[in-house]
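Working notes, beginning with the structure itself.
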Ligand SMILES: C[S@@+](CC[C@H](N)C(=O)[O-])C[C@H]1O[C@@H](n2cnc3c(N)ncnc32)[C@H](O)[C@@H]1O
């Protein structure tokens, strides 16, 4: 269990929820990243903007996830990133990373977001290990979910796989004292309309806990909205013993 506690200069100790509530300028305490896997999403060539769900390989699901991960009612979140994993061919797996704190020229309009993805797909996929910024705050690279897991672990991100059939992500009621993680970085993994593959589950479950947002399956972008709600409001998360992340567990 993570106790979110802040000691202000007053000497007062506040829970993260109280700390956030005390300052209306604070939003999104705790950086959050989302990794979404598009199992059939096209990764090269021309993205059919008029058929994102069909010929685009359910790219519509990923576009909605970007929208929820990054956009507030007015403006963009500077504490949130999302990485798409485009696995549907015809090229090698490609990852597109939208960096909320730097992103320019992307708006909360699903067709415009799809248009930005289309521009990236016209570029050749960089090799695994080389991250290229196509324009400000929008990057792409080769690699798949294993690459993202390895990169985020090296950066000390606390990783979580989201799955309805798992223990709950949050703790109801108050929590016992624990570490102060105001600077925590969380990385949440979710799938598109399909289930994760066995290989994906094996790669994730070897190194991160699995947590639920409720018993009913909801759409991926709704899952992202629930995560934002929990973190924005400083609700304590229960990530068990494997939630500390950092360097690879053996
Ligand atoms: C539309 S759901 C995928 C449904 C798919 N049929 C399956 O069985 O995985 C998209 C993603 O949202 C996340 N998700 C949906 N409902 C959830 C829940 N209740 N708790 C945690 N994650 C959830 C999961 O990561 C899931 O892979």
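The values are calculated or read from the model by the stated rules, or taken from the named source; none is laboratory data. Bear in mind the structure is a predicted one, so any value in this text is a computation, not a measurement. Note that we place each Cβ from the backbone using ideal geometry, even for glycine, and neighbour counts take in every protein chain shown.
Residue count for region 200-226, restricted to those that are within 18 Å of residue 167 (Cβ to Cβ), within 9 Å of the ligand (Cβ to nearest atom) and in a helix (DSSP H, G or I): 2.
Consider region 186-199 and keep the residues that are in a loop (DSSP other than H, G, I, E, B) and in contact with a helix residue (DSSP H, G or I) (Cβ under 7 Å, 6 or more places away or on another chain). The one that is surrounded by the most Cβ atoms within 10 Å (Cβ to Cβ) is 192. Against the test of being at pLDDT 95 or above and either in a strand (DSSP E or B) or crowded, with 20+ Cβ neighbours inside 10 Å (or both), the options 106, 61 yield a single qualifying residue, 61.
Residues that are modelled with pLDDT of 85 or more and surrounded by 14 or more Cβ atoms within 10 Å (Cβ to Cβ) within region 166-183 comprise 166, 169, 170, 171, listed in sequence order.
Please state which of the following conditions residue 150 fails to meet, knowing it meets all the rest: (1) at pLDDT 90 or above; (2) in a helix (DSSP H, G or I); (3) more than 8 Å from the ligand (Cβ to nearest atom); (4) crowded, with 19+ Cβ neighbours inside 10 Å. All conditions pass for residue 150, except number (4).
Counting the residues of region 118-147 that are assigned to a helix (DSSP H, G or I), in contact (Cβ under 8 Å) with a residue 24 or more places away in the chain and out of contact with any helix residue (DSSP H, G or I) (no Cβ under 7 Å at 6 or more places or on another chain) gives 4. Just one residue in the set 206, 223 is within 28 Å of residue 72 (Cα to Cα) and either surrounded by 14 or more Cβ atoms within 10 Å (Cβ to Cβ) or modelled with pLDDT of 95 or more (or both); that residue is 223. Annotation: residue 114 fulfils all but one of (1) crowded, with 19+ Cβ neighbours inside 10 Å; (2) touching a strand residue (DSSP E or B) at 6+ places or on another chain (Cβ under 9 Å); the unmet one is (2). With respect to the conditions (1) closer than 20 Å to residue 225 by Cβ; (2) out of contact with any helix residue (DSSP H, G or I) (no Cβ under 6 Å at 6 or more places or on another chain); (3) part of a helix (DSSP H, G or I), residue 33 lacks only one, and its number is (3).
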